[in-house]
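Right, one structure below, let's go through it.
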Amino acid sequence: MNKNYNEIKKRFEAILDPDSFLHREEEIIAFECDALTYYRVKPVFVVLPINKQQVSEIIKVCYEFNMPFVPRGAGTGLSGGALPVDDGVLISLAKMNQILEIDIPNRLVVVQPGVINRSVSEAVDSFGFYYAPDPSSQIVCTIGGNVAENSGGVHCLKYGVTTNHILGLEMVLPNGEIIELGGKNQEYPGYDLLSIVVGSEGLLGIVTKVILKISKKPQLVKTLFASFDSIEDAGSSVSGIISNGIIPAGMEIMDNTCIRAVQTSVKAGYPEDADSILLIELDGPNAEVEAQLPIVENVLRENSAIQIKIAKDEAERELFWKGRKSAFAAMGRVSPDYYVQDGVIPRNKLAEVLRKTKQLSEEYGLTIANVFHAGDGNLHPLILFNSAVEGEFDKVEKLAGEILKICVESGGSITGEHGVGFDKKTYIPLMFNDHDLETMQLISCTFDLKGLCNPGKLFPTPRTCAEHGMTKERASEIERKIEGELY
Amino acid sequence: MDKKKINIEEFMNFISHDNIHTQRSELLKFQVFDKLPSIALYPENIEQVSQILEYCNSNSYSVIPFGGCTKVSFGNTLTAFDVALSLERLNNIVKHDKEDFIITVQAGCRFKDVQEFLLSKNQFIAVDPPLTDKGATIGGIVATNDYGPSRFRYGTFREQIIEIVAVGTDGKIFKGGAKVVKNVAGYDIHKLLVGSMGTLGVVVEVSIKLYPVQEESLTFITGISDSEMLKSCIQKILNADLVLSSIEVINPELSADIFKLTGIRPIKFPYTLSLRIENVKKAVIDQMALVKSILNSDNLEGAVIENDIQVWEYLRNFPYKSNSNNIVCKVSVTMNEIPRVLEYIQESSENLDVKIFSSAKAGNGIIQLLIEGKNKDLEITVELLRSYLTTIQGSVICQHIPRDFGKFDSWGELGPSSGLMKLLKQNFDPNNILNPGRLI
């Protein structure tokens, strides 16, 4: 045990109520992983601060004793972003879960990071508004986690991801200082640091308050699906719709393996014999949706759709979406385990990439179910396996890596919404060369000179700020210089 | 340590003689306030930009990147200026992926050329910045985060750019983002570079999302008599089931120009509300009917403008239309404060010897201003506005000030994260060679 742990423990006990400070093994075990459960690490301590001052004081202690720390929201992340470090503190923001302000005229809501995504929409529903980013985990995931991962969802084709819906935030820097970025206005002079912090995977500090943009609920929503004999036809329908000047709220494709799994669990009304289905949602003013619907139907027919089914009411619409949103969980019906990746490809490379993944699936002898955000080319291949079979997970990881390579080779990205985290950090060099990563490290060093905040994530190898163009002397010189202004 | 005198021979090691200018007459277009460079370089490829920066950095020569030279008076006075780095010969369309709605262009491409190329393919870039007729380049628009009235619907380049390749001060070529519409890998360096005023790196290549051209566009214009009414109208319009491209509130000085342009019978109201809807034809017509019925319920009459392109061209370019001594500035407040701030500007301008043209993005909380007058009066106006805005957590930045304006801070307070911004600048540019003093 680090000789300082006792001292740190004493300091934490002075900051936190007993029920906000967990240090016994049986208490800590629940925090040893996020939704990427194949990796587990027990932290030294788990703390659950209730306000920004506590977060700041905890981090000041960490800074003083060089103890790493990892922030955590609801732990629904799929890339291991909230995986603890074994010599560090896990900081759960779960208790900071208040909606602080609803400002309808300015179309914004101010929340603490532990507020659940869906609660924001619920809070403003009666005013006719909602919070647009809607990850599948929205009934449990938190805004703080969404900010860290720049979460997307099924409607981000039209409405964008988290970064497009954040006006400002308050955060505690890795030295304990509390700062604000952005605010209630849409523009502030100076660098757009807000853009960097959103999606920084918890490496730059801990967010303690978020100002969210809310959006007006659409007047009309039309949801439909079309079934196809080939996934290529579903793919060309997607391009066809966009080329016609229509950007639907969402476009999702599911392959036959997925359709069958979903049908056994939720009975969403999908045709089980279809090779694939394309689920489309149009929303907007009546006039717009009504004008777009026939165009969409035309495109689908031109691309050999077998069946087109438009949800006749809200209940059926919800059912169509329930099928899509429960696709991951439904895999439990057909396989003991699954592993999901979220690589992105240019939309016109869909058929080619799917052919290659199918080939890989056969080579590895592992079934891959495909469900994805087709409108933005964000794949979610679900590799089915059995973790009880020795060595199978290693095989799965290797296959997943090959898929990511294909995505990048096709001109895409290794992650569209789940983040790099711990899971994909060894793959990030597929996309970014040393210069790119060194530039990103300049940002890490700007915020976190000691490298204490969520270490071991995002970057393939840990580096110190002294290693990329900045000498230790230079780093501490900057630190001294800036300290005068910051503290 | 004294800087070594600039030696043209050394630059010729990596850039041909034709791409180096040193004559005063050639350097004048790069004048930034009181400063002229010693040399202007016109690299033809990214590698040359890299070599230039590496060389300049190691000799501590300050470098100012230029695109179309349309916004040279945006930002604070430079603390040093040795090398003008023109990107105008880096002007290739690298790739247009029509099916995937993405274009990759070099930074020196003129926005207008790229947009015309895309329009011929029935696609477009969804930002509408000013000065594109004067040669504004993609790189310059990115560096200044410039935009126009369609910001309400589409945002700025921050929302539209998916990847940027840039050259760091040490000559290293780096990128942020990826050429796909959705991507969360790594920090969003491409977003950080938008609006960074060429102080963190030289943007050399940009990938942008595209949109299909809309079938129809109509504009509705109406006069409103007081700020309370304006406030309630804006909220009603924003709450209605409409997809607006733009919602602008124009002051009488500017609306006079619009009336002249469109032939609409002039109406003298303190506020002219202008709404644009673009969509498939039927959707535009139906939504226009809704706009009319909402405004009619408040006894507001108005006119529909068909062929509205020139109206919006005018509104996006108006800040730079003046031939008189002027400043151009931009106010940012919460959107609900817009009517109050407009009222304040109107009232205070009556006591000042200035002429103000303004258009407010009512759905974004942003007011674009063109203020004509003598330097002394211009300065008083900005200072008054600034002190008023601090009471409502607003800000004002100046995008153009006269060359002889003297020492003046175009940015105002950089706010509670200014320490972090300075540290970021130091980390990206330890020798402070890129646009020194312009922003940080």
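The values are calculated or read from the model by the stated rules, or taken from the named source; none is laboratory data. The model shown is predicted, which means the values in this text are computed figures rather than measured ones. Ideal geometry is used to build each Cβ from the backbone, glycine not excepted, and the neighbour counts take in all protein chains shown.
Among the residues of the stretch B:117-130, which ones are assigned to a loop (DSSP other than H, G, I, E, B) and surrounded by fewer than 23 Cβ atoms within 10 Å (Cβ to Cβ)?
Let us first name the residues in the stretch B:117-130 that are assigned to a loop (DSSP other than H, G, I, E, B), namely B:120-122, B:125-130.
The answer is B:120, B:121, B:122, B:126.
For the stretch B:346-440, give me every one of the strands (runs of 3 or more DSSP E) that falls completely inside it and has 1 or more residues that are more than 13 Å from chain A (Cβ to nearest Cβ) and over 30 Å from residue B:62 (Cα atoms). If you could, list the steps in order and put the result at the bottom.
Numbers: elements: B:354-361, B:366-373, B:395-400.
Qualifying strands (runs of 3 or more DSSP E): B:354-361, B:366-373.
Can you name every one of the helices (runs of 4 or more DSSP H) wholly within the stretch A:272-359 that holds 2 or more residues which are of a type outside the set (Gly, Ala, Ser) and within 14 Å of chain B (Cβ to nearest Cβ)? Steps first, please.
Values: elements: A:286-302, A:314-325, A:327-334.
Where helices (runs of 4 or more DSSP H) fall fully within the stretch A:272-359 and carry at least 2 residues being of a type outside the set (Gly, Ala, Ser) and within 14 Å of chain B (Cβ to nearest Cβ), they are A:286-302.
Kindly indicate whether residue B:135 is more than 10 Å from every other protein chain (Cβ to nearest Cβ), surrounded by 24 or more Cβ atoms within 10 Å (Cβ to Cβ), touching a residue at least 60 places away in the same chain (Cβ under 8 Å) and under 18 Å from the mean Cα position of the chain (by Cα). Show your work before the answer.
Numbers: more than 10 Å from every other protein chain (Cβ to nearest Cβ): yes; surrounded by 24 or more Cβ atoms within 10 Å (Cβ to Cβ): no; touching a residue at least 60 places away in the same chain (Cβ under 8 Å): yes; under 18 Å from the mean Cα position of the chain (by Cα): yes.
Judged against the criteria, residue B:135 is not a match.
So, in the stretch A:181-202, exactly how many residues are under 30 Å from residue A:423 (Cα atoms) and facing chain B (nearest Cβ under 7 Å)? Quick ask: steps written out before the conclusion?
We begin by selecting, within the stretch A:181-202, every residue under 30 Å from residue A:423 (Cα atoms); these are A:181, A:192-202.
Checking the rest, the ones that are also facing chain B (nearest Cβ under 7 Å) come to A:181, A:192-193, A:195-196, A:199-200.
Residues in the stretch A:181-202 being under 30 Å from residue A:423 (Cα atoms) and facing chain B (nearest Cβ under 7 Å): 7 in total.
Give the stretch B:327-347 a look and list any residue that's over 17 Å from the mean Cα position of the chain (by Cα) and farther than 13 Å from residue B:367 by Cβ, or say none.
The answer is B:336, B:347.
If only one of B:358, B:348 is among the small types (Gly, Ala, Ser) and surrounded by fewer than 21 Cβ atoms within 10 Å (Cβ to Cβ), which one is it? Give the derivation first.
Numbers: B:358 fails: surrounded by fewer than 21 Cβ atoms within 10 Å (Cβ to Cβ).
Result of the check over B:358, B:348: B:348.
How many residues are in a loop (DSSP other than H, G, I, E, B), more than 10 Å from chain B (Cβ to nearest Cβ) and without any contact (Cβ under 8 Å) to a residue 12 or more places away in the chain when one looks only at the stretch A:402-458?
First, the residues of the stretch A:402-458 that are in a loop (DSSP other than H, G, I, E, B): A:410-412, A:414, A:416-424, A:432-433, A:448-452, A:454-458.
Narrowing further to those that are more than 10 Å from chain B (Cβ to nearest Cβ): A:421-423, A:448, A:450-452, A:454-457.
If we keep only those that are without any contact (Cβ under 8 Å) to a residue 12 or more places away in the chain too, we end up with none.
Selection size over the stretch A:402-458: 0.
Just for the stretch B:163-173: of the residues that are in a strand (DSSP E or B) and crowded, with 22+ Cβ neighbours inside 10 Å, which one is farthest from the chain's Cα centre (by Cα)? Explain how you work it out, then say what you get.
Residues of the stretch B:163-173 in a strand (DSSP E or B): B:163-167, B:173.
With the extra rule that they be crowded, with 22+ Cβ neighbours inside 10 Å, the set shrinks to B:164-167.
Working: B:164: 17, B:165: 20, B:166: 19, B:167: 22 Å.
Checking each candidate, the answer is B:167.
Within the set of pairs 6+ apart or on separate chains, which have a first residue in the stretch A:273-291 that is surrounded by 24 or more Cβ atoms within 10 Å (Cβ to Cβ), a second that is of a type in the set (Ser, Thr, Tyr), and C-beta atoms under 6 Å apart?
A:277/A:227; A:277/A:270; A:278/A:237; A:281/A:223
If a residue has to be under 20 Å from residue B:162 (Cα atoms) and in contact with a His (Cβ under 9 Å, 6 or more places away or on another chain) to count, how many in the stretch B:80-113 make the cut?
Result for the stretch B:80-113: 4.
Is there a residue being at pLDDT 95 or above, among the aliphatic types (A, V, I, L, M) and under 13 Å from residue B:221 (Cα atoms) anywhere in the stretch B:265-274?
Yes: the stretch B:265-274 contains one or more residues that are at pLDDT 95 or above, among the aliphatic types (A, V, I, L, M) and under 13 Å from residue B:221 (Cα atoms).
Run down A:319, A:360 and say which single residue is more than 27 Å from residue B:96 (Cβ to Cβ) and modelled with pLDDT of 95 or more. If you could, list the steps in order and put the result at the bottom.
Details: A:319 fails: modelled with pLDDT of 95 or more.
Going through A:319, A:360 in turn, the sole match is A:360.
Is it true that residue B:14 is over 30 Å from residue B:320 (Cβ atoms), surrounded by 14 or more Cβ atoms within 10 Å (Cβ to Cβ) and not polar (S, T, N, Q)? Break it down into steps so the answer makes sense when it comes.
On the way: over 30 Å from residue B:320 (Cβ atoms): yes; surrounded by 14 or more Cβ atoms within 10 Å (Cβ to Cβ): yes; not polar (S, T, N, Q): yes.
Yes, satisfied.
Going through the stretch A:405-419 one residue at a time, which ones are on the phi < 0 side of the Ramachandran plot and crowded, with 24+ Cβ neighbours inside 10 Å?
Within the stretch A:405-419, A:407, A:412, A:413, A:414, A:415, A:416, A:417, A:418 qualify.
Taking the stretch B:314-345 only, how many residues are of a type in the set (D, E, K, R) and within 14 Å of chain A (Cβ to nearest Cβ)? Walk me through how you get there before you give the answer.
From the stretch B:314-345, those of a type in the set (D, E, K, R) are B:316, B:321, B:330, B:337, B:340, B:343; that's our starting set.
Retained after the next criterion (residues that are within 14 Å of chain A (Cβ to nearest Cβ)): B:330, B:337, B:340.
Qualifying residue count, the stretch B:314-345: 3.
For the stretch A:128-185, enumerate the residues that are among the acidic types (Asp, Glu), touching a residue at least 24 places away in the same chain (Cβ under 8 Å) and farther than 20 Å from residue B:191 by Cβ.
A:177, the sole residue that qualifies.
Across the stretch A:55-88, what is the total count of residues that are under 20 Å from residue A:447 (Cβ atoms) and either among the β-branched types (Val, Ile, Thr) or free of Cβ contacts under 8 Å to residues at least 40 places away in the same chain (or both)?
Qualifying residue count, the stretch A:55-88: 7.
Only residues that are buried (at least 22 other Cβ atoms within 10 Å of the Cβ), within 7 Å of chain A (Cβ to nearest Cβ) and not small (Gly, Ala, Ser): list them for the stretch B:182-217, please.
Correct list: B:182, B:183, B:184, B:187, B:188, B:189, B:191, B:192, B:194.
Here's a check for you: in the stretch A:9-67, which residue that is in contact with a strand residue (DSSP E or B) (Cβ under 9 Å, 6 or more places away or on another chain) and aromatic (Phe, Trp, Tyr) is modelled with the lowest pLDDT?
Per the stated criteria, the residue is A:38.
Run down A:40, A:24 and say which single residue is among the basic types (Lys, Arg) and either touching a His at 6+ places or on another chain (Cβ under 6 Å) or under 20 Å from residue A:141 (Cα atoms) (or both).
Unique residue meeting the criteria: A:40.
Among the residues of the stretch A:292-333, which ones are touching a residue at least 40 places away in the same chain (Cβ under 8 Å) and among the basic types (Lys, Arg)?
Residues satisfying the conditions are A:309, A:317, A:322, A:324, A:325, A:333.
Within 26 Å of residue B:335 (Cα to Cα), surrounded by 24 or more Cβ atoms within 10 Å (Cβ to Cβ) and touching a Lys or Arg at 6+ places or on another chain (Cβ under 6 Å), is that true of residue B:246? Explain how you work it out, then say what you get.
Details: within 26 Å of residue B:335 (Cα to Cα): yes; surrounded by 24 or more Cβ atoms within 10 Å (Cβ to Cβ): yes; touching a Lys or Arg at 6+ places or on another chain (Cβ under 6 Å): yes.
Judged against the criteria, residue B:246 is a match.
For the stretch A:94-127, give me each residue that is charged (D, E, K, R) and either free of Cβ contacts under 8 Å to residues at least 60 places away in the same chain or assigned to a helix (DSSP H, G or I) (or both).
A:101, A:118, A:122, A:125
Please work out if residue B:231 is within 10 Å of chain A (Cβ to nearest Cβ), out of contact with any Leu (no Cβ under 7 Å at 6 or more places or on another chain) and closer than 23 Å to residue B:65 by Cβ. If you could, list the steps in order and put the result at the bottom.
Working: within 10 Å of chain A (Cβ to nearest Cβ): yes; out of contact with any Leu (no Cβ under 7 Å at 6 or more places or on another chain): yes; closer than 23 Å to residue B:65 by Cβ: no.
It is false that residue B:231 is within 10 Å of chain A (Cβ to nearest Cβ), out of contact with any Leu (no Cβ under 7 Å at 6 or more places or on another chain) and closer than 23 Å to residue B:65 by Cβ.
For residue B:154, indicate whether it is surrounded by fewer than 23 Cβ atoms within 10 Å (Cβ to Cβ), hydroxyl-bearing (Ser, Thr, Tyr) and either closer than 30 Å to residue A:428 by Cα or within 12 Å of chain A (Cβ to nearest Cβ) (or both). It would help to see each step written out before you state the result.
Values: surrounded by fewer than 23 Cβ atoms within 10 Å (Cβ to Cβ): yes; hydroxyl-bearing (Ser, Thr, Tyr): yes; either closer than 30 Å to residue A:428 by Cα or within 12 Å of chain A (Cβ to nearest Cβ) (or both): yes.
The answer is yes for residue B:154.
In this structure, is residue A:90 buried (at least 21 other Cβ atoms within 10 Å of the Cβ) and within 20 Å of residue A:424 (Cα to Cα)?
Numbers: buried (at least 21 other Cβ atoms within 10 Å of the Cβ): yes; within 20 Å of residue A:424 (Cα to Cα): no.
In short, no.
Residue B:301 - would you say it is at pLDDT below 95 and under 29 Å from residue B:390 (Cβ atoms)? Can you show your working first?
Details: at pLDDT below 95: yes; under 29 Å from residue B:390 (Cβ atoms): no.
Answer is no for this residue.
Which one of these does residue B:160 not meet: (1) within 27 Å of residue B:335 (Cα to Cα); (2) within 8 Å of another protein chain (Cβ to nearest Cβ); (3) surrounded by fewer than 22 Cβ atoms within 10 Å (Cβ to Cβ)?
(2)
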